[in-house]
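To start, the structure itself, in structure tokens.
The values are calculated or read from the model by the stated rules, or taken from the named source; none is laboratory data. Treat the numbers as computed from the prediction; the structure is a model and nothing was measured. So basically every Cβ, Gly included, is an ideal-geometry build from the backbone, and we count neighbours across all protein chains shown.
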Amino acid sequence: MNKNLVGQFPNLRLRRLRQTPAMRSLVRETRLNADQLVLPLFARSGKRLRRPVMSMPGVFQLSLDELIKEASSAATAGVKAVLVFGIPDFKDEKASGAYAHNGIVQQAVRSLKREFPALMVITDVCLCEYMSHGHCGIVRKNSQGVSILNDPTLKLLARSAVSHAEAGADMVAPSDMMDGRVREIRNALDKEGFQGVPIMSYAAKFASGFYGPFRDVAESAPKFGDRRSYQMDVGNGLEALREVALDIAEGADIVMVKPALAYLDLIYRIKTEFGYPTAAYAVSGEYSMIKAAGLNGWIDERAVMLESHMAMKRAGADIIITYAAREIAEWLKET
Ligand code: PBG
């Protein structure tokens, strides 16, 4: 576009284009689309269990029967994909629950695919929910303090991804931020015959305060220390581009920016720089802030929810992972 706009369009009156709803819709550049939304779901054991989470109104830990109901109403609204997280019955120091054949995510994937073969089932690949200490990797404690062992962790992540694919997952999404995990997972999937299973990598994932409510739902808050040795520093934009470049080189099919709203500049830069399918994760804190303000009557929840998701698309996101997926899909039908 010619950047010197002043005086270029003497006859243009933008007001004419904004006159009526039909006209506004005709010239709208960006649209929200239900089939580009992904709904996160939290599976746990039990029956008829729908456990609410204080910090995330409208989000529940669900037993498998309830998970099916939730997926069903999302699908009816037009949502085509879900992202499954698991809350295991027990945790240990090698995250056994993450790659157990009958782990909670593996069971959830099997029942979701059985009930809804056409629903795209994506799994979160990470160890934090399954580790007694809540970190995303294997932890070594010594006199210098605590460190996360990157390379031994890769093996467990790859095992988890393969076990999800065996259960029928359509795509895996590693969120751990260990170095080299995309390649390790790609190799393991290929070796086991899952060449067709794509990887959506949480490529630029920041050490963010916005994950607080998620850690309540997923029961995955670290018991000591924090995630700053493996998640990105909030001030770093170029590092995000390097993270994305590495993940693409290692075989990622879709790259993700997380959180979304506070990182629109990076969604834009990453999409422009790499031209790769780009996902944005509208994380728990973003969702809960809008919900809370909406419940208090301080903002119009629906308007703000739609506006912020529209902003993510305008910035360049092809896919949005969001706790509001079902509601947004329903609102889009009404408009
Ligand atoms: C697991 C994981 C987290 C989120 C997604 N996968 C939490 C974390 O890194 O602590 C956060 C999602 C959200 O806040 O909605 N590593």
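Listed values, structure above:
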quantity: Qualifying residue in the stretch 96-111 (condition: closer than 26 Å to Cys136 by Cβ, without any contact (Cβ under 8 Å) to a residue 12 or more places away in the chain and part of a loop (DSSP other than H, G, I, E, B)); calculated: yes
quantity: Condition broken by Ile185, with the remaining ones in (1) buried (at least 23 other Cβ atoms within 10 Å of the Cβ); (2) aliphatic (A, V, I, L, M); (3) within 11 Å of the ligand (Cβ to nearest atom) satisfied; calculated: (3)
quantity: Filter result (within 16 Å of the ligand (Cβ to nearest atom), in contact with a strand residue (DSSP E or B) (Cβ under 7 Å, 6 or more places away or on another chain) and β-branched (Val, Ile, Thr)) within the stretch 268-301; calculated: Val283
quantity: Residue match in the stretch 60-75 (condition: surrounded by 11 or more Cβ atoms within 10 Å (Cβ to Cβ) and at positive phi); calculated: no
quantity: Every residue from the stretch 43-77 that is assigned to a strand (DSSP E or B) and closer than 15 Å to Arg326 by Cα; calculated: Phe60
quantity: Candidates Val146, Val139, Val217, filtered to the one that is of a type in the set (A, V, I, L, M, F, W, C), out of contact with any Asp or Glu (no Cβ under 6 Å at 6 or more places or on another chain), within 12 Å of the ligand (Cβ to nearest atom) and modelled with pLDDT under 95; calculated: Val217
